[in-house]
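Input: a single structure, listed below in structure tokens.
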Amino acid sequence: MNIITRSILPGLLALLSAVRADAKDIIISNPQSTPRTVPEMVEVPADAFSGITGSNQDALFLCVVTPQGDTLTTQQTHDGKLIFPCPPLKGKETVRLKVCTTRQAAASQVFGRNFPERENDFSFENDRVAYRLYGPGTKGIYGYDMFCKKTPMLVLQRWYAMQCDEQMWATYRKMTRAGHKKLAEEMYNSVFSYHVDHGEGMDQYSVGSTMGAGAVAYMTPCDDKNCAVKAPKGSKNSATQAANGDEKSAGNAATSVAQGGEKSASKAPRLHYTGPFTSAEVVDSGPLRLTVRLTYGSDTRLLTIDAHSNMVKSTVIPNETTAGLTPVAGIAIHQDGKEYSIDGASTAYEDAGGMLIGCYMPGGKACYAPLAKVTSGATGHVMLAPMAKKRYAKKSAGKGEKAVPGEMTYYFGSAWTQYDGDKITSMQQWKDYIFAFAKQKENPLKVIIK
């Protein structure tokens, strides 16, 4: 017996001794021919493991072990799933995982809560991205705000404590009243502003009265002739004209993108913003997944962020106040942005000066609509609207997520080119990431429990 075998054998024996004879294996297969490069969670029914631990909450005590002996953190979700990180899979690869009962407490890799100290925002994060949703105390701001994280550590608690430090603000006000406004600003920027990078990142994204970095709005009119159609070739160039603030070009670009080169629509699409949320309830709080249920005047939204992912899942259920309007998901296009584009039928991107923003909607259709005037630095929106349910069901038969009547599901995400970890440093890398993410959603893992 060599020294390597002697060193790992005791741990493996202890692990195997914790696996009951009636435990079940989880067999995971990658149906696509290419590797799954974007981190994702495996989801299995938690009640499939009933009786393994002798507890009426069996999934809470389970862990999952790879063939290499690595133990994967698990979480039981509010909707009855057991989730854990998918191990790396090559194209067409299958892996068999063991279920054990030696689960240990794991540090959470997600976080979110209301911040009543800051107008009741709801802010959330994982190890890669962070977002702010504006709460009941906010006026005139509608969209989703992104924070630029530089570190995989969870930072929001510390950032808000710093930004909302009343002693620091009292000092700031005292210095200002004493006629030292410039010195007070220098103190604010150097000591406690989260709008300045102190080594962990900062808040520098501009939202204002726009959809921001992936929010929901409602559109009228919105049909196959003026909104939910695939962008034509050359839309990227037209979009660049609009992003440069040329209102006439912007209007032409919107018509071109919306019409696919056909005759102009008789009436341009009009956006109806939804305002801030009225209530927020965390239903999953980690360690791997955070899910929050948000109530708006127009709809109910379930937002889910998983550890290691740059993307956030959003499920929107409109209410009767939006009858006759089409829900859309979108991102604001900023005047100083380097590039934006609409690629394919269901994805949209922007490079806002190193802040990379994106949306993906299974079965969605993309369009561009200009704003009447520059708002918070934005000149328009790239939006995704749901495809007609029958056409989407036919297109997606047997693959990926299905359209659910009365619901709209999409994903929004971001990356900062200055992130210290696994970097995404260019628009092309960001596009590649979202395309890989979309492909994995369209070709979900095959999971068997036996």
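The values are calculated or read from the model by the stated rules, or taken from the named source; none is laboratory data. All of these numbers come straight from a predicted model, not from anything done at the bench. Backbone-built Cβ (ideal geometry, glycine too); neighbour counts: all protein chains shown. Just so you know, the surface numbers come from the protein's heavy atoms only, side chains and all, with ligands and any DNA or RNA stripped out. Shrake-Rupley method; radii C 1.70, N 1.55, O 1.52, S 1.80 Å.
Summary table below
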{"item": "Listed peptides 323-336, 358-371 by packing density, highest first (mean Cβ within 10 Å)", "result": "358-371, 323-336"}
{"item": "Cα centroid separation - segment 340-380 against segment 68-104, whole Å", "result": "35"}
{"item": "Inter-probe distance in nm under a simple model that places probes 7 Å from Cα toward Cβ, at T300 and T375", "result": "2.8"}
{"item": "In Hz, Karplus ³J(HN,Hα) per residue of segment 31-47 (6.51, -1.76, 1.60; θ = phi - 60°; x = Gly, Pro)", "result": "x, 8, 7, 10, x, 8, 8, 9, x, 8, 9, 7, 10, 9, x, 5, 6"}
{"item": "Residue-span extension gain [E200 to D70] - 0.36 nm each, minus C-alpha spacing", "result": "43.8 nm"}
{"item": "Cross-link pairs beyond the 25 Å C-alpha cut-off, checked among K90/K149; K81/K441; K313/K365", "result": "K90/K149"}
{"item": "In Hz, Karplus ³J(HN,Hα) per residue of segment 151-159 (6.51, -1.76, 1.60; θ = phi - 60°; x = Gly, Pro)", "result": "10, x, 5, 7, 10, 4, 4, 5, 4"}
{"item": "Share of carbon and sulfur in the accessible heavy-atom surface of segment 71-141 [1.4 Å probe, %]", "result": "49"}
{"item": "Accessible heavy-atom area order of I26, I449, highest first, probe of 1.4 Å", "result": "I449, I26"}
{"item": "Stretch gain in nm, segment I449-S209, where the contour uses 0.36 nm per residue and the Cα spacing is subtracted", "result": "81.6 nm"}
{"item": "Shape of segment 71-116, Cα gyration tensor, a/c cut at 1.5", "result": "prolate"}
{"item": "Cα gyration tensor shape for segment 49-178, rounded if a/c is under 1.5, else prolate or oblate", "result": "prolate"}
{"item": "Cα-based convex hull, segment 136-199, per residue volume (Å³, whole number)", "result": "124"}
{"item": "Area of K373 that stays accessible when all protein chains are in place (1.4 Å probe, Å², to 10)", "result": "150"}
